[in-house]
Amino acid sequence: MANGQIRYTLDGSLPSISSDPYSTPVNLEVGSHTVRVGVAPDGVNVLLPGVTVKLEVVPTFSIATSIGQGEGTISVVPLKLRYLQGETVTLKAAADPGFSFAGWTGVNATATDVALTVTENIVAKADFTPKPTYRIIGADQPSKAGWNVVRAVIESGTTTLESSLASALELLGKGSGEVVSYSETAPYIYYSARVNEPGWFDGWEFRFPGDAKPRVGSEKKAALRATGFIEIPNPGSWTFLVRNSGSFRLKVGEQEFSMAGEDTWNNGRVFTAKIPKAGVYPVELVAWDTQEGNSLLMLMARSGARKDNDEEPV
């Protein structure tokens with residue numbers, strides 16, 4: 001109080017002018033407390049009647065989180081500075097693109113989402129491991145494999161493939177009774193399948209999944225999905241080139257490029273993606289060909305914005 005004093009006790013006894021003066025907040029230990037307060041105006045050495053307060057101090061705890069190996073995030077729900085004993089909280093670990101959750105340290109759990117009852121201070125660390133990546137170092141070839149490729153081929157029957165993306169995705173989702181499916185892990189996306197006819201160059205070694213040997217006859221109608229991760233070493237513009245004998249859709253992170261109903265066998269199509277920061281980005285290429293015959297699929301990337309893959313960057 002202004003020009004006066006406050007005296008208090010913590011054991012329930014009656015405060016006097018010689019009791020502890022109140023000047024700063026008082027820390028109370030866990031347990032029951034009876035706080036009695038008296039006040040004395042300035043110049044008066046007798047305490048006037050004050051208040052008596054009974055308090056129960058309960059324990060509170062903190063939660064600290066950190067990332068160990070890899071890249072990802074941890075969220076705490078609900079998020080507070082302190083938690084009461086017995087309170088339930090949920091820790092959620094989320095891997096960044098190109099990484100997968102590897103486990104917890106300090107928390108007895110294996111799932112990404114774990115519910116905990118707070119009984120003590122919690123120190124939780126999440127680790128993440130890198131997924132296989134398709135690394136682009138500024139040229140047009142990667143240094144590491146990691147493309148997962150699935151290809152669905154119409155060999156016979158009543159199954160059809162239209163010119164739309166929806167039709168291609170539907171074909172890729174069909175069972176073994178309707179299509180013949182092949183899969184592989186590829187070091188890069190460069191496939192070819194040519195009819196063995198006089199005058200045609202047939203020297204490429206890279207065959208579509210399920211077509212490891214040279215084929216005598218026409219390539220069937222088919223759809224292909226390739227998924228992987230691209231490690232971009234620096235932000236800015238990156239040009240992606242796709243060549244395909246049919247239609248395709250390319251997704252790089254959240255950016256999407258497509259070409260439908262046009263053959264890009266000879267010249268290909270280039271797309272410029274704006275990469276906000278260096279890092280690992282998911283990539284998906286869906287390609288489909290509604291015509292039987294020769295087939296080609298190629299995916300390349302180079303730094304800079306280009307009008308075609310052979311130009312110097314803008």
Item checked: Segment N121-K274, extension gain: residue separation times 0.36 nm, minus the distance between their alpha carbons -> 50.7 nm
Next item on the list: Determine, for Y22, Y281, Y8, the number of other Cβ atoms within 10 Å of each Cβ, and report the residues in order from fewest to most.
Entry: Y22, Y8, Y281
Item checked: Least to most buried among L224, L81, L116, L250 (fewest other Cβ within 10 Å first) -> L81, L116, L250, L224
Check: If you plug each phi of region 88-98 into the Karplus form 6.51 cos²θ - 1.76 cosθ + 1.60 with θ = phi - 60°, what whole-Hz ³J(HN,Hα) values come out, in order, with x for Gly and Pro?
Finding: 9, 10, 10, 9, 10, 9, 10, 6, 6, x, x
Check: Would you list K131, K274 from fewest to most Cβ contacts within 10 Å?
Finding: K274, K131
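Values quoted throughout were computed directly from the atomic coordinates according to the rules given, and no laboratory measurement underlies them. These numbers come from a predicted model, not from an experiment. Note: ideal-geometry Cβ built from the backbone for every residue, glycine included; neighbour counts use all protein chains shown.
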